[in-house]
Amino acid sequence: MREKIWTAALAAVLLLLPAASPAAQKADAPAIDPVAMQHLTRMCDFLKGLNAFVFRAEVNVDEVFQGGLTLQTSRTETIAVRRPDRARSDTVQDAEVKTITFDGANFSIFNQTRNSYSVIPAPGALDQALDKVLETYGVTAPLAELILSSPYETLTEGVLSGMYVGLRMVQGVPCHHLAFSQKDVDWQIWIADGKNPLPRKLVIVDKTLVGAPNYEAMLVDWKLNPRFKDSFFAFTPPPSATKIDIIPLAGQQTVSP
């Protein structure tokens, strides 16, 4: 996974080589279990073939404080996508409620609790828009790796090794458990067995941070190819809401909304 996305995150293209002795393999060839790649490829192809989908993510994130104390925070995210250029995420964390929408022209971030919003111009398809807001503003969308049109390339970029752990149960669903390692993160994914190989659980460990905090998401209530109206992805700020400008990262030119 792309290590810039999210806590860091998942990404890119793997070369699958036939079994051979270590000396016969290229020094930089990733050590990937072909069975793991078979299941990951099948999941990515399935997601790529969907015109629209919606799911709920129950997310737990470790926060490491001075002295080594680790606390876990939780949030619920409902994510909807209509390819090629619509997306929405509704997040509830404690008392805070936030909605992110993409309507093919702008990313809008609305904090209902604080009654404030920001708008980032990003015309085009969802993939290009996500890249732009990440590179220009450092803003990421929840679980962006899974909603891109080419999830395989994103998930496998930078992978150094990968293994097939086995068939495991996730909330009563038989899933193929895969584990991958990159320079800065280790990550695991559980993919449902059967005709709909959907991701059911994702765990990311950030090796660059003290305490190696975990990011864990349970992915549930999948609905495939639902029909969305354009208005579902549109955002009109309430008259009383406060607009907050997002400043581009250092070295980026300011974009006026």
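Each value in this text was obtained by applying a stated rule to the coordinates, not by laboratory testing. Keep in mind it's a predicted model, so treat the numbers as computed, not measured. Cβ coordinates were reconstructed from backbone atoms using ideal geometry, including for glycine residues, and neighbour counts include every protein chain displayed.
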Discussion item. Can you give me the orientation-averaged projected area of the convex hull built on the Cα atoms of the chain, in nm²?
Written reply: 16.1 nm²
Item to complete: Order by neighbour count: GLU153, GLU216, GLU63, GLU77, fewest other Cβ atoms within 10 Å first, most last.
Response: GLU63, GLU153, GLU216, GLU77
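In percent, how large is the relative contact order of the chain, given Cα pairs closer than 8 Å and 6 or more residues apart? The partial results should precede the final answer.
On the way: 558 pairs, mean separation 63.9, N = 257.
Here the relative contact order equals 25 percent.
In percent, how large is the relative contact order of segment 175-250, given Cα pairs closer than 8 Å and 6 or more residues apart?
Numbers: 88 pairs, mean separation 13.5, N = 76.
Contact order relative to length: 18 percent.
May I ask you to sort ASP33, ASP94 by Cβ crowding, counting other Cβ atoms within 10 Å and putting the fewest first?
Values: ASP33 17, ASP94 9.
Sorted ascending by nearby Cβ count, the order is ASP94, ASP33.
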Worksheet item: Taking amide H positions as placed 1.01 Å from N in the peptide plane, with prolines and chain starts having none, which residues 5 or more places from ALA141, or on another chain, fall under 5 Å of its amide H?
Response: none
Discussion item. Exposed loop sites here are trypsin sites (Lys or Arg not before Pro) in DSSP loop states with at most 10 other C-beta atoms within 10 Å. What is the longest stretch of the chain lacking them?
Written reply: 27-194
Worksheet item: So what's the angle, to the nearest 10 degrees on a 0 to 90 scale, between helix 126-137 and the longest Cα principal axis of the chain?
Response: 70 degrees
Item to complete: Calculate the length of the line joining the C-alpha centroid of segment 186-254 to that of segment 92-144, in whole Å.
Response: 10 Å
Worksheet item: How far, in degrees from 0 to 90, does helix 34-48 lean away from the longest principal axis of the Cα atoms of the chain, to the nearest 10?
Response: 30 degrees
Worksheet item: Can you sort MET169, MET218, MET43, MET37 by how many other beta carbons sit within 10 Å, fewest first?
Response: MET169, MET218, MET37, MET43
